[in-house]
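K.L.:
One structure follows; several queries about it will come next.
No value in this document is a laboratory result; all are computed from the given coordinates. Not measured: the values here are computed from a predicted model. Cβ atoms come from the backbone with ideal geometry, glycine included; neighbour counts cover every protein chain shown.
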Amino acid sequence: MTMMTLVSHLAQGEIKTRGVQQWMLDNIIPLVLLAVALLLLWLGGGKGDNAGVMRRLAGVVIALAIIGLAVSGLGVNVGEWIAGLFTG
């Protein structure tokens, strides 16, 4: 009976990916950020290369800003603002 219910839901188009998207935002992104932070500390901290760690950290901050724009949906507004700088 469960298979018939699944087939009927698929046929009606009621299955959404919102739950998967929210789960990824809540779980995968923080885990990836934690892994990047630990990797940066391990690579640069052990050698005393503090300047190298800061350069990598600047790249991570820029990447986080891009991810934040993509997730929040404000990328269009930023694009229009940048285009407005050149078009007047």
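K.L.:
Take the Cβ-Cβ distance between VAL36 and TRP81 as r, set R0 to 30 Å, and report the resulting FRET efficiency rounded to the nearest 0.05. Provide the component values of the computation, followed by the final result.
P.N.:
Details: r = 28 Å, r/R0 = 0.95.
Once the sixth-power term is evaluated, E becomes 0.60.
K.L.:
Go ahead and run the numbers for FRET between ALA70 and LYS47, Cβ-Cβ distance against an R0 of 35 Å, rounding to 0.05.
P.N.:
That gives a FRET efficiency of 0.60.
K.L.:
With labels modelled as points extended 7 Å from the Cα through the Cβ direction, what inter-label distance (nm, one decimal) is found for ASN27 paired with ALA63?
P.N.:
For the pair ASN27/ALA63, the computed spacing is 2.2 nm.
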